[in-house]
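What follows is one structure encoded as structure tokens, with my remarks underneath.
Nothing in this text is a laboratory measurement; each read-out follows from the coordinates by a stated rule. Computed from a predicted model, the values in this text were never measured in an experiment. A quick note on method: Cβ atoms are made from the backbone with ideal geometry, for glycine too, and the neighbour counts reach across all protein chains shown.
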Amino acid sequence: MQPPLAVLQRYPPHDHTLGGLLASRAHEDSARTLLRYEGRELSYADFAARADAAAHALAARGIGAGDRVGVMANNSADYVVLLFALARLGAILVPVNPEYGAQEAGYILQHAAVRAIATVPSALATAREAARPLEPAAWFFMLEGESEGMPRFDDLIAKAPALVALPPAPSPDATCLMLYTSGTTGFPKGVMHSQRSFVMAGEGFVARMWLQREDRLMCILPMFHINALFYTIAGTFAAGASVVIVPRFSASQFWKTAAASGATQVNIIAAVGNILARRPRSEFDPGHRLRVVYGAPITPDLERTFREEFGVPLLIEGYGMTEIPGACNNPFDGEKRPLSMGKAATHPDPRVKFAELRVVDDDGRDVPDGSEGELWVRTPILMQGYYRDPEQTAAAMHEGWFATGDLVRRDADGYYYFVARKKDIIRRRGENISGAEIDRVAADHPAVVQCAAIPVPSELGEDEILLAVVRKPGAEVGAREIADWCAQRLAPIKVPRYVVFVDSLPQTATHRVAKFKLRGDKSLIARATDLAGG
């Protein structure tokens, strides 16, 4: 296995643009397979030619530097082609969850003021309704599938006028992606990232996972999410590896797909890992070749399940946000500490200054190791800012440091541990309690599929704790049993007073629980069992 720097150095230098990265890899590996998608394969040379033709086609339709193009579709090979084609023009891809309703999608498309929208038949009607207020009107094309009277991406490429001159290559600091945050506290914000940021994030992922040219990554997370784009896709190009693109995550088909595709690496989130761990073992295919999984958080039980039952030798936990991809991770070739987010992320080239981390108090002063504080990050792959929101951008930045809003602690060896979102703190009887900690403990109950702890008013002032629980199908667990489970594992102050069973929990686009929606549901406490103060 080659060390990360050697992986990068086998390719010619590039200019930190997406086009430059692609040209560097295609120069050495033109005939090797880059993308696999639903039985179709594209080599590096095929991909480069298709992205170039797409850039000509889009330029012929008036798309140029700084223009925003929305995409409302599931994962596909042409999703990636579109990203690279737009980047060649200095234009910006704006991903939108294809399952959004017209109001949610409309906010993003209108806020971004997109010039065009790529979509698929299942999302077309919603996309049209969402884009109706746009002035000037956006033009539509089908990224996949067909709709009467609507141009197909395939046809645009096939008819691309080769004589249309492309503009000069963009700067590496040109914005190429605008990813909207999942909106756990309200309206989403448009996070802008440069081409340099995308490329360096991919190189950082090579260091994090020790990706090799021979690796085959499997992309199951949605491409409207930072993880799929900045880790899996960018990492594939940086390593000169290949990627298997799955339209959307399917728990029942996960192991079958992993085995059939020969994938060696995959990224997951906590929800995916927990779902797989609880699925029938009849769905597991021992013929898979997965050597490493990246995700967060990875509990000791989840790691044990993947290692001992699923035969995955290595799991790497890390931490990042849409604004700061890949800020820290447990080292591939060093000690991995349970429940830790790891150490500050590094670049394969030790000369490249990469992630720097601080833990600070409310006044921005560094706190001692072992103390809780807010995580601040400074990194070359920091966002360029929030689109059309200078106030929020300024509020998040402190002389080059990004304030994450996450409470963490650092140990004496430089490992970081997540405590809670600052806004996920419950104030009970004079103490600050992490809702995330209660979530983790209660979710380990064998009858619990998902749960969320939120504050509710107390007769004594401050908060009481309400735990909303989704039970496993057929489970007959009661509120008292859930509370007792928590009491055996948590301090008395952290045991929920109220437990309510629900059919489902509201989700953000990235499958996190939208706690702000739970806090707004006043019926929960009326339906809950009151356990008399826990």
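When all alpha-carbon pairs of segment 429-530 are counted, what percent fall beyond 16 Å? Result: 53 percent of Cα pairs exceed 16 Å.
From Cα pairs below 8 angstrom and at least 6 apart in sequence, can you work out the relative contact order of segment 81-185, rounded to a whole percent?
Numbers: 118 pairs, mean separation 36.6, N = 105.
Computed value for segment 81-185: 35 percent relative contact order.
When the chain is described by a simple charge dipole with +1 on each Lys and Arg Cβ and -1 on each Asp and Glu Cβ, the residue from Ala65, Phe310, Trp401 located farthest towards its positive end is Phe310. Between 0 and 90 degrees, rounded to the nearest ten: what's the tilt of helix 44-60 against the longest Cα principal axis of the chain? It works out to around 80 degrees.
About its Cα centre, what dipole magnitude does segment 1-63 give when the only charges are +1 on Lys and Arg Cβ and -1 on Asp and Glu Cβ, stated in debye to the nearest 20? Don't jump to the answer; show the numbers that get you there.
Working: 7 positive and 7 negative charges, 17 e Å.
Rounded to the nearest 20 debye, it is 80 debye.
For segment 139-233, applying the loop criterion from DSSP together with a ceiling of 13 other beta carbons within 10 Å to the GluC sites (Glu not before Pro) yields Glu146, Glu148, Glu214.
Simple spin-label estimate for Glu146 and Ser371 gives 6.7 nm between the two label positions (7 Å along the Cα-to-Cβ direction from each Cα).
Taking a point 7 Å from the Cα of Lys522 along the Cα-to-Cβ direction, the residues of segment 414-455 with backbone N closer than 17 Å to it are 455.
Taking the Cα centre of segment 429-530 as origin and assigning +1 to Lys and Arg Cβ atoms and -1 to Asp and Glu Cβ atoms, the resulting dipole is close to 280 debye.
Compared with the alpha-carbon gap, the fully stretched path from Thr529 to Arg388 is longer by 46.3 nm at 0.36 nm per residue. Ordering 154-162, 23-31 by mean Cβ neighbour count within 10 Å, with the highest value first, yields 23-31, 154-162. What you get for the chain, charging only the Cβ of Lys and Arg (+1) and of Asp and Glu (-1), is a dipole of about 440 debye around the Cα centre.
Could you tell me the distance between the Cα centroids of segment 64-134 and segment 308-359, to the nearest Å? Going from one Cα centre to the other spans 31 Å.
Where in segment 252-282 does the amide nitrogen come within less than 11 Å of the point 7 Å from the Cα of Glu309, taken along Cα to Cβ? Of the residues in segment 252-282, 274-282 have backbone N under 11 Å from the label point off Glu309.
Placing R0 at 30 angstrom, the Cβ-Cβ distance between Ala260 and Lys472 gives a FRET efficiency of 0.55 after rounding to 0.05.
Per-residue extension of 0.36 nm, minus the Cα-Cα distance of Ala412 and Glu399, leaves a gain of 2.1 nm for this segment. For the chain, the relative contact order is 10 percent, taking Cα pairs closer than 8 Å that sit 6 or more residues apart in sequence and dividing their mean separation by the residue count.
Looking at segment 262-411, send over the antiparallel percent of its DSSP beta bridges, to the nearest 5. Please report the intermediate quantities before stating the final value.
Values: 17 of 24 bridges.
Taking every DSSP beta bridge within segment 262-411, about 70 percent pair in antiparallel fashion.
Each residue, Ala162 and Ala65, gets one label point 7 Å from its Cα in the Cβ direction; the gap between the two is 2.7 nm. Taking 0.36 nm per residue of separation and subtracting the Cα-Cα distance, full extension of the segment from Ala49 to Gln110 would add 18.8 nm.
Measure off 7 Å from each Cα along the Cα-to-Cβ vector at Met1 and His27, then give the distance between these two points in nanometres to one decimal. Each label point is offset 7 Å from its Cα along the Cβ direction, giving 2.9 nm. Placing unit charges on each Cβ (+1 for Lys and Arg, -1 for Asp and Glu) gives the chain a dipole about its Cα centre, and among Phe153, Val469, Gly320 the Cα reaching farthest toward its positive end belongs to Phe153.
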